[in-house]
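Below: the structure, in structure tokens.
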Amino acid sequence: MSKQLVVSHAGAGLSPCDIADNFADLHPPLDRGAAAAEASRCLYCYDAPCMNACPTHIDIPGFIHQIATDNALGAAQRILNENIMGGTCARACPTEILCEGACVVNKTEGAPVKIGQLQRFAVDRLLDAPSPHPFGRAPASGRRMAVVGAGPAGLSFAHRAAMLGHDVDVYEARPKAGGLNEYGLATYKMVDDFAQREVAFLLGIGGIALHSGKMLGRDIHLDDLAREYDAVFLALGLGGAARLDVPGEELSGVGDALGFISRLRQEADKSAVAVGGQVVVIGGGNTAIDAAMQARCLGAASVTLAYRRGPEQMGATAWEQDLARLNGIAIRTWAQPVAIEGDGHVERVRFAVTELVDGRLAATGETFVLPADQVLVAVGQQMVRTGLDGLRADGAKLWVDDDYQTSRPGIFAGGDCIRRGDDLTVQAVEDGKQAAVRVDARLRAKGRD
Amino acid sequence: MADLHCNIAGVASINPFWLASAPPTDKKINVERAFRAGWGGAVWKTVTVDPPVINVASRYGVHKDHHGTILGINNNELISDRPLDVNLREIEELRREWPDRVIIGSLMAVLDEQAWKEVAIKLANAGVQGIELNLGCPHGMCERGMGSAIGQVAELVEKTTRWVREAVDLPVFTKLTPNITDILVPAEAAHKGGAHAVSLINTINSIVSVDLQRMAPRPTVDTAGTHGGYCGSAVKPIALNMVAEIARDPALKDLEISAIGGITTWSDAAEFIALGASGVQVCTAAMLYGFRIVDDMIDGLGRFMDQQGYRTLDDFRGKARAHVVDWNALNMNFDVKAHIDTASCIECGRCHIACEDTAHQAIRIETGDDGSRRFTVDDAECVGCNLCQHVCPVAGCIEMRVVENGLPPLTWPEHPLNPLRADPQTVSV
Ligand SMILES: Cc1cc2nc3c(=O)[nH]c(=O)nc-3n(C[C@H](O)[C@H](O)[C@H](O)COP(=O)(O)OP(=O)(O)OC[C@H]3O[C@@H](n4cnc5c(N)ncnc54)[C@H](O)[C@@H]3O)c2cc1C
Ligand SMILES: Cc1cc2nc3c(=O)[nH]c(=O)nc-3n(C[C@H](O)[C@H](O)[C@H](O)COP(=O)(O)O)c2cc1C
Ligand code: SF4
């Protein structure tokens, strides 16, 4: 069952209370009884398809079996073994295209085991229990590592490196750690300040020093880091929002979707964030859906998502598109914005109707106009290359070898800023974990020479 | 984390989880996989003097609950169908390669002293850390005068146990059959014969289902079936009782127990240990899920012990034993009444119909104007039987509350309504 929002009808705004309800958990957490019942649906497959569909390869049948034996803490540890951000992933992963999409119970019962929700059940038990950090550290290696960027990739690297006995300094440009867990994921996926609670848990292993407000290229420099540390891990994500490059983009009321979301995430009272009455979101990925949904949560009477290609090409999963439609968001495909118009403030967006001609996007010549008092642009993020001089690029991202090493020896990179898998939290966590293991192996091999 | 090392009849093990003598311990390749998965020990599949037995097909039938989960397996398999020297060589190799794990040799033979002693000595020479006597196999082997044919006769249990004791200088485990009336009889016989420990239970005589098309029991071999041995989680309650009976018999207090029967999770194992078992053996759960289940057995048991503050298995071994008593020792003045939490009640009515039809008509329904139903317990009618709580699908919704009646403990032998009550003067301790 998908979440249904309290919606606003033309003219009538939502009460702060309705707005707070709209931002509550997308999937309410399972209680013990529901978790046990759900766990009993798992067939405990061997070499399970779900496990192979998870980028971090969590032993899913193993942890679900442990929930079934009433060993939720053991289940949590098994999850965190492979994915230290199992808590965020349980909330944010598009499970319909990952583990749950691969679940064999889809074939026998038509619906998968709720792996994400079971994962959340277990990890929440552990995070809520006043217990010592569940992972110990290997004997001190005497080595120091620098991480730039405290998003999922950077923190996952730091945690694994600390586990392997290294000391880690993490440099982060923003005031808070967590990366897009803190500033990007939809509000209703990360209620109750979960990103910060998870960061605190993760740092509980010890050996990781967090330096926030330190930006690479401004406060710290690659050459210095390379000199001072045994290894450097770049986990910068994709900083900047891409622009539309159409006339009128500078009008007031037009902004990037990520900025809108991060403002919402940082605001304690969500109803304090302004929203238009007629919102147009431009883009077809998850960010576009998230922005449209959250505008709707705030009470926007009409929200239209416009995408220049067809529904099959949309980055948002089918489940997310359904969620948006269910909540009254209109999705217009084959619509390319050509101009944003208005007198100081945006009043309308003009679109060209598109089609595929020999596989290439082309305008049909037809146009249409959508009235709008707010436009949210979600057409992707671009890497900010400040401070990365001399590193080889791979398209718009950083080039790395199979061991996550950039073109400069000793400098490694992972997460959204490299090209490996999808741009998802879970992939970033896997990159961080694997990179730490590879760096550790290299350093130890070198130590023996 | 708690220390799971255990010692049973002088055999030290890294954890209390052993595989029982059965298909999972049939060959080196299986046992090696088991050791790699973390099992502390394995009781090798039962061997005897050559020639080896020949098995039939099919071999297994199952009993399922209505979700399709297997509750129990029934099998008609015999003992090892490979030559004795192949088994011995593999045991020898594994002992060398896995010095920290336990291998116990299991044997059976006809009632011939020479045969018992010869195989026991060969197993000892292969390096096993103990010998288990299989006196339990309830099908096939008993028709040849082995297995339960011996295990059901006390004198023969004692005699075969003694033969093995005389033959080898190793801990001896006598494995008991549950297919008897009183488990204490073979247990005492094993003790008299010099057993260091008893292993129990072996499988229970059973027909697991009848194929209504072929009109024959399952598993069906050609056109017919035989009774087989029943095992798996369905037999755990029977095994718990038999283990408790032996554990609380003062005459058997120095007889150690290797508990077997339906152990599937860490808590199953903990229950047997709480009743006094030194270690446990598992067969069916491994057959159904693979050796990997030992992971959670180890992890879950360790976490349970940490939570309870038990550092070693000895800290809670036998802790429940003193609380297993005869019915006559129960306190008849103790009283509980069911209490239904209306806030969490889902109004399914299961408690009402169970009590109304088959217990004491103590659960009332009030229907509100909106059609909602409120279930309450009439304390005057409730006898505290617990049935409603068991059938309630909502955990914690029905609570059995203790009635503070201020009465002192009173047992049936002391009860005023007991016509056979002894004179209070003579009852006094
Ligand atoms: C709006 C939005 C919604 C999303 N929703 C989902 C979702 O529901 N599920 C999902 O799986 N994925 C989602 N994603 C993708 C997911 O958030 C990313 O794949 C993931 O966060 C990438 O992790 P990362 O560590 O590589 O980068 P980031 O999370 O971007 O972290 C990078 C960190 O580096 C810091 N940094 C950048 N430059 C510098 C510098 N020069 N100096 C110092 N620090 C710097 C940043 O401040 C940031 O903290 C979403 C993305 C967006 C934009
Ligand atoms: C297929 C099968 C074969 C077995 N063979 C033997 C055997 O050779 N020797 C023996 O002592 N017990 C044998 N057993 C009994 C088991 O060792 C064990 O005592 C019994 O299955 C109960 O434990 P469980 O409920 O964990 O399965 C066998 C059980 C099964 C299912
Ligand atoms: S498990 Fe299946 S494949 Fe394996 S031996 Fe038995 S019947 Fe054959």
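Just so it is clear, none of the values below were taken in a lab; they were calculated from the coordinates. From a predicted model like this one, the values you see are computed outputs, not experimental measurements. With ideal geometry, Cβ positions are generated from the backbone for all residues, glycine too; neighbour counts draw on all protein chains shown.
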Problem set entry | Global form of region A:57-150, assessed from the alpha-carbon gyration tensor, a/c cut-off 1.5 | prolate
Problem set entry | Ascending count of other beta-carbon atoms within 10 Å, so fewest first, for A:297, B:137 | B:137, A:297
Problem set entry | DSSP-defined beta bridges in region B:6-323 - what % are antiparallel, rounded to 5 | 40
Exercise. Can you work out the base-10 log of I(q)/I(0) for the protein assembly as shown at q = 0.05, 0.07, 0.09, 0.10 1/Å, using the Debye formula on its C-alpha atoms alone?
Worked result: -0.41, -0.75, -1.06, -1.17
Seminar exercise, completed: Taking A:239-248, A:424-433 and ranking on average Cβ neighbours within 10 Å, highest first, one gets A:424-433, A:239-248
For this session: At q = 0.05, 0.06, 0.09, 0.12 Å⁻¹, work out log10 I(q)/I(0) for chain B with the Debye formula, treating every Cα as an identical point scatterer and leaving solvent out; two decimals please.
Result: -0.22, -0.31, -0.67, -1.04
Exercise. In peptide B:299-310, what is the residue-averaged number of other protein chain Cβ atoms found within 10 Å of each Cβ?
Worked result: 3
Problem set entry | Cleavage-rule hits (trypsin sites (Lys or Arg not before Pro)) in region B:214-263: DSSP loop, at most 14 neighbouring Cβ within 10 angstrom | B:214, B:253
Seminar exercise, completed: Taking every DSSP bridge whose two residues both lie in chain A, the antiparallel percent to the nearest 5 is 40
For this session: Within region A:307-325, which residues have the backbone N less than 19 Å from the label spot 7 Å out from residue A:363 along Cα→beta-carbon, could you tell me?
Result: A:307-310
Problem set entry | In nm, spacing of pseudo-spin labels at residue A:385 and residue B:125 (7 Å Cα→C-beta vector) | 7.9
Exercise. Looking only at other chains, what is the average number of their beta-carbon atoms within 10 angstrom of each beta-carbon in B:284-295?
Worked result: 2
Exercise. How well do other chains shield peptide A:64-76, expressed as the mean number of their Cβ atoms within 10 Å of each residue Cβ?
Worked result: 5
Problem set entry | Rh (Kirkwood; distinct C-alpha pairs) - region A:287-391, Å | 15.4
Seminar exercise, completed: For residue B:159, the lysines lying under 27 Å Cα to Cα, once residues fewer than eight places off in the same chain are dropped, come out as B:45, B:117, B:122, B:175, B:192, B:253
Exercise. Based on the mean of other beta carbon atoms within 10 Å per residue, what is the order of A:265-274, A:70-79, most packed first?
Worked result: A:70-79, A:265-274
Exercise. Of the beta bridges DSSP finds with both residues in region A:337-433, what % are antiparallel, to the nearest 5?
Worked result: 95
Exercise. If you stretched the chain out fully between residue B:210 and residue B:288, how much longer would it get, using 0.36 nm times the residue separation minus the C-alpha to C-alpha distance?
Worked result: 25.9 nm
Problem set entry | Environment charge of residue A:5, counting only residues whose C-beta is closer than 10 Å and scoring Lys/Arg +1, Asp/Glu -1 | 0
Seminar exercise, completed: Treating only Lys and Arg (+1) and Asp and Glu (-1) as charged, each at its beta carbon, one finds that region A:36-122 has a dipole about its Cα centre, in Debye to the nearest 20, of 140
Exercise. Going by the alpha-carbon gyration tensor, a ≥ b ≥ c the square roots of its eigenvalues, is region A:389-449 rounded (a/c under 1.5) or, if a/c is not under 1.5, prolate (a/b greater than b/c) versus oblate?
Worked result: oblate
For this session: Starting from one equal scatterer on each C-alpha and no solvent at all, send me the Debye-based log10 I(q)/I(0) for region B:327-414 at q = 0.17, 0.18, 0.23 Å⁻¹, two decimals.
Result: -0.73, -0.79, -1.10
Problem set entry | region B:249-275 versus region A:210-288: alpha-carbon centroid distance in Å | 61
For this session: Would you mind getting the Kirkwood hydrodynamic radius of chain A from its Cα pairs, rounded to one decimal in Å?
Result: 23.1
Exercise. Among the lysines, which fall within straight-line cross-link reach of residue A:214, defined as a Cα-Cα distance under 22 Å, with same-chain neighbours fewer than 8 residues apart omitted?
Worked result: A:176, A:397
For this session: Just tell me which lysines come within less than 23 Å, Cα to Cα, of residue B:64; anything on the same chain fewer than 8 places away is out.
Result: A:107, B:236
